[in-house]
1. Say we look at region 254-263 and pick out the residues that are open to solvent by 40 Å² or more (accessible area, probe 1.4 Å) and of a type outside the set (Val, Ile, Thr); which of these is nearest to MET182 (Cα to Cα)?
2. Scan region 264-276 for residues that are surrounded by 15 or more Cβ atoms within 10 Å (Cβ to Cβ) and either among the hydrophobic types (A, V, I, L, M, F, W, C) or in a helix (DSSP H, G or I) (or both) and report the count.
3. From the residues in region 108-137 that are of a type in the set (A, V, I, L, M) and farther than 21 Å from HIS191 by Cβ, which one is most open to solvent (accessible area, probe 1.4 Å)?
4. Could you list, in sequence order, the residues of region 173-194 that are within 19 Å of ILE130 (Cα to Cα) and not hydrophobic (A, V, I, L, M, F, W, C)?
5. Scanning for something at pLDDT 90 or above and either charged (D, E, K, R) or part of a helix (DSSP H, G or I) (or both), does region 284-295 turn up at least one residue?
6. Those residues that are touching a Lys or Arg at 6+ places or on another chain (Cβ under 7 Å) and surrounded by fewer than 19 Cβ atoms within 10 Å (Cβ to Cβ), I need them from region 75-93; list them, please.
7. With buried (at least 19 other Cβ atoms within 10 Å of the Cβ) and charged (D, E, K, R) as the only criterion, which of ASP66, ASP29 stands out?
8. Anything in region 94-104 that is surrounded by fewer than 23 Cβ atoms within 10 Å (Cβ to Cβ) and in contact with a Ser or Thr (Cβ under 8 Å, 6 or more places away or on another chain)? List them, or say none.
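The values are calculated or read from the model by the stated rules, or taken from the named source; none is laboratory data. All of these numbers come straight from a predicted model, not from anything done at the bench. All Cβ positions, even for glycine, are placed from backbone atoms using ideal geometry, and neighbour counts span all protein chains on display. Note: areas computed on protein heavy atoms with side chains; ligands, DNA, RNA excluded. Shrake-Rupley method; radii C 1.70, N 1.55, O 1.52, S 1.80 Å.
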Amino acid sequence: MNNIIDVHTHFLPKSYVDALKKNVVGDPDGWPTPSWNEQTTLGFMKKNKIGYSLLSLSSPHINFGDKEETVYLAQNTNDYGRKLNQQYSSQLGYLASLPLPYENESVDEINRSLSNGAKGFAVPSNSRGIYFGTPLFEKVYERLNQEHAVVLMHPNQTPVKPMNVNVGMPTPLMGFLMDTTMTFMNLLQHHFFDKYPDIRLIIPHGGAFMPILADRDAPYTKETYKSDMFAAMEHVYFDTAGAVFPRQLPMLLTLADPTHILYGSDIPYTNLSLANQLLNMFTEAGGVKAKFKFQAVNTASKLGHFIDKKPKLAKYKTLIDESQNMLTGADILTPRLRDMILHDNAVKLFDL
């Protein structure tokens, strides 16, 4: 495929890098800030046959405690995204940042960014401890809903970290997934998807922990929040930024709409070499398949022979086949599904 679309890739404008140096002691989120310029993205795209990339900011986003600085950074980084879009219009787009949690200023920036060619918006899971989905941002949600806006929700550092556990572990490795999951639950609690059904929300990193928690938590959300978790997971979109094989993507696809899965590289925070390997799992045979396939096929074959002799167990054959697919991971990618994830779904979502 020569026209892959990358919906989760980051840029680091100078004003943002300067703000990180000014406001953060050490590495933000415990993860080194990578060097970046537009050639970083364009070079990765050329090497990997990516036709179009949507740039956005990553954690810790733009609010370091000063309102004036936050508004300035939103405007400045969005203007830089617009500049890159104008310079490389056939290759680069951008998702605008909002100066949350400042509601009126965020609505102003939505309007400004829409007139400046933004393809959508990137919001942090929480800004200074105020989580996306809280009713405090109703004007923002209403405006986004009016525009049928695409919104990529990116995880952020949790406002309070657990003490005396996982000391020194960079937040992106586990904390990001926890914050994403908590934000999704917050959206359910506040009936976000019922109130704002036309916001097209992207949940990053393969849905974080949601695929494995859904069966456990869905009865609670149904009874206590009066929200349908399974319906919400079919409604939203997910990107594949990070390592989603051999287990996470197959599990996600048991709950998500396959037309709502999108490719994301997560560069440059995911280094280019690893991002290249992760993309190869989509585009090439081998790798994940070779590592897991023999054991899975061997086990499934033995169970299959046993079930064939026990007609009453025939209903379990489908379960075994599905388990085999989850173990082999990349085997779920039929040519059609692969094309949908790498290209077709994003074309439809962003009207490219």
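1. Step one: filter region 254-263 for residues open to solvent by 40 Å² or more (accessible area, probe 1.4 Å), giving 254, 257-259.
Subsequent filtering for residues that are of a type outside the set (Val, Ile, Thr) retains 257-258.
Values: ASP257: 21, PRO258: 23 Å.
The extreme case among them is ASP257.
2. Step one: filter region 264-276 for residues surrounded by 15 or more Cβ atoms within 10 Å (Cβ to Cβ), giving 264-270, 272, 275-276.
Keeping just the survivors that are either among the hydrophobic types (A, V, I, L, M, F, W, C) or in a helix (DSSP H, G or I) (or both) gives 267, 272, 275-276.
Final tally of qualifying residues: 4.
3. First, pick out the residues of region 108-137 that are of a type in the set (A, V, I, L, M): 110, 114, 118, 122-123, 130, 136.
The next check asks that each one be farther than 21 Å from HIS191 by Cβ; those that pass are 110, 114, 118, 122.
On the way: ILE110: 1, LEU114: 61, ALA118: 17, ALA122: 2 Å².
Only one residue tops the list, namely LEU114.
4. At the first step, the residues of region 173-194 found to be within 19 Å of ILE130 (Cα to Cα) are 175-193.
Result: GLY175, ASP179, THR180, THR181, THR183, ASN186, GLN189, HIS190, HIS191.
5. In the first step, residues of region 284-295 are kept if they are at pLDDT 90 or above; the result is none.
There is no residue in region 284-295 that is at pLDDT 90 or above and either charged (D, E, K, R) or part of a helix (DSSP H, G or I) (or both).
6. First pass over region 75-93, keeping only residues touching a Lys or Arg at 6+ places or on another chain (Cβ under 7 Å): 93.
Selection gives nothing.
7. Numbers: ASP66 fails: buried (at least 19 other Cβ atoms within 10 Å of the Cβ).
The unique qualifying residue is ASP29.
8. Taking region 94-104 first, the residues surrounded by fewer than 23 Cβ atoms within 10 Å (Cβ to Cβ) are 101-104.
If the condition is that a residue be surrounded by fewer than 23 Cβ atoms within 10 Å (Cβ to Cβ) and in contact with a Ser or Thr (Cβ under 8 Å, 6 or more places away or on another chain), then PRO101, TYR102 are the ones that fit.
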